[in-house]
1. When residues of the stretch 309-356 are filtered for being assigned to a helix (DSSP H, G or I) and in contact (Cβ under 8 Å) with a residue 12 or more places away in the chain, how many remain?
2. Starting from the stretch 126-143, keep only residues that are farther than 13 Å from I112 by Cβ, then list their pairs with residues that are open to solvent by less than 40 Å² (accessible area, probe 1.4 Å) and among the aliphatic types (A, V, I, L, M) whose Cβ atoms are within a distance under 7 Å, requiring at least 6 positions of separation or different chains.
3. For the stretch 138-172, name all the residues that are small (G, A, S) and either within 15 Å of I111 (Cβ to Cβ) or touching a strand residue (DSSP E or B) at 6+ places or on another chain (Cβ under 9 Å) (or both).
4. Among the numbered criteria (1) modelled with pLDDT under 65; (2) on the phi > 0 side of the Ramachandran plot, which single criterion is violated by G98?
5. Quick check on N106: is it at pLDDT below 90 and more than 58 Å from the chain's Cα centre (by Cα)?
6. Scan the stretch 360-374 and tell me whether some residue there is assigned to a helix (DSSP H, G or I) and within 25 Å of L299 (Cα to Cα).
7. Among the residues that make up the stretch 312-328, is at least one of them out of contact with any Leu (no Cβ under 8 Å at 6 or more places or on another chain), modelled with pLDDT of 75 or more, among the aliphatic types (A, V, I, L, M) and on the phi < 0 side of the Ramachandran plot?
8. For the stretch 144-189, which residues satisfy the criterion of being free of Cβ contacts under 8 Å to residues at least 40 places away in the same chain, acidic (D, E) and out of contact with any Ser or Thr (no Cβ under 8 Å at 6 or more places or on another chain)?
Amino acid sequence: MDAKDILGLHKTSFPSSIEKKSRPPKESQRKPDGISREVYALTGGMPPLMPSIDASQLKKKHNEKVTWQWLPFTNSARKDDLHLYHWVRIVNGVLPTGDYSFAKYNKSVDIIKYTDEEYEKYLTDPMWTKEETNELFDLCERFDLRFVVIADRFSSSRTVEELKDRYYSVLRAIVLARAASSGDVATHPVIKEPYNVSQEIERKRALSMVLSQTRQHEKRDEEVLIEAKRIAELRMASKVAEQSQLVVATNADAEVTERAVPGESLSPSNVQHPPMAVPSPITDNASTLASLRMLRVYLRTYALEQMVQVSNSTAGVRTIKRVEQTLQDLGVNLKPRVPTKAVCAEHLELRREILTWLNLQKQVQYKEAEGSSYRDGTYGETPDTPKDRTFIPDSLNFGGERVGKKDQKRKGHGAQPTAAHKRPRKQKASDL
């Protein structure tokens with residue numbers, strides 16, 4: 001008995017059309033050779049990221065007999081001839097020969113040794129005793145010039161800088177004493193770049209000061225640097241402007257002197273000095289070049305952008321757009337791909353010629369419009385006003401022009417108006 005029998009429902013009450021959807025059969029993929037079942041289940045047959053071993057090599061049978069044995073070994077880096085044990089791979093019963101494989105990583109520093117005679121002759125120092133110097137060199141050889149560890153192990157209280165200074169000063173003296181001449185050891189690092197203890201102390205002090213700064217100190221330093229940069233730029237701009245104005249004034253005076261007629265004296269009234277307050281493209285170019293020379297090192301593209309801005313300073317936005325559109329129509333890039341000196345000069349010259357051509361085109365259009373207006377007579381001359389005509393205000397005219405016109409007609413014609421000029425009389429019904 002089930003729920004349908006309890007509820008009194010027929011077992012075929014649901015339509016037989018509803019059936020369970022059959023799942024599509026899974027495609028069985030054969031596991032490739034050379035890959036374990038676990039790896040294939042995890043990867044699903046996807047190619048690995050790194051190159052794997054060829055499957056043909058896995059099937060290759062090795063005839064070599066490999067065993068592992070627990071054997072003793074010695075390390076050439078040790079001086080006590082200590083015997084230790086490790087597992088060794090034995091192939092066909094042949095034991096490996098040679099030194100320990102990790103002995104090649106044992107690198108040591110060659111510390112120069114000095115004799116008692118050399119110490120008494122070259123290495124005496126009132127701040128250091130011979131015992132302290134010997135202890136220093138022994139620790140340097142033991143710890144491979146790790147001066148932080150050496151300062152920790154040193155018997156007396158010496159700083160790292162003092163230990164370095166003593167070691168490198170002794171090394172420098174020994175190298176110079178053992179050399180035949182000073183020129184033979186001129187390229188030695190200790191001779192070429194001697195250790196400077198004061199500079200090292202100052203460097204560490206500045207580094208500790210920088211590391212101990214807070215956010216407020218860093219922000220304050222940035223503000224000071226920005227303000228200093230702004231002041232320097234203002235001073236540079238004023239200096240460049242003064243120099244450019246002086247150069248332009250000198251050139252103008254020279255041109256006026258050259259153009260003067262021979263035998264004619266130059267008076268102050270004849271000499272025309274250029275106005276200093278009016279900016280000109282020549283002045284702007286001179287100031288830009290002077291500012292670029294003060295930079296000493298700059299990109300050629302940056303200089304080109306500055307010169308383009310100076311040449312476009314006298315033109316409007318629409319004119320600049322027309323210049324750029326003309327360059328694009330000519331197939332010229334707005335910025336040269338290879339900005340050499342010659343290419344930049346030709347690019348600037350082309351921009352100036354296009355700007356001049358556009359200005360001339362504007363002037364031609366203006367002149368043509370002015371000439372057409374003169375031809376149409378819109379600006380013709382007006383007839384002269386008679387001198388005997390008096391001006392009568394409107395307040396006294398009582399009708400203004402209408403009264404004047406009647407008087408003109410009476411004075412001008414004199415004769416009576418003819419019938420042809422009369423308005424025809426309307427006919428009445430009685431006349432018909």
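1. Looking only at that region, the number is 16.
2. L139/I150; F143/I150
3. Across the stretch 138-172, the qualifying residue is only S169.
4. Answer for G98: the failing condition is (1).
5. no
6. Looking for residues that are assigned to a helix (DSSP H, G or I) and within 25 Å of L299 (Cα to Cα), one finds none in the stretch 360-374, hence no.
7. Checking the stretch 312-328: at least one residue is out of contact with any Leu (no Cβ under 8 Å at 6 or more places or on another chain), modelled with pLDDT of 75 or more, among the aliphatic types (A, V, I, L, M) and on the phi < 0 side of the Ramachandran plot.
8. D152, E162, D165, D184, listed by residue number.
The values are calculated or read from the model by the stated rules, or taken from the named source; none is laboratory data. A quick note: this is a predicted structure, and the numbers were derived from the prediction, not measured. Positions of Cβ are backbone-derived with ideal geometry, glycine not excepted, and every protein chain shown enters the neighbour counts. Surface accessibility is based on the protein's heavy atoms, side chains included, excluding ligands, DNA and RNA. Shrake-Rupley method; radii C 1.70, N 1.55, O 1.52, S 1.80 Å.
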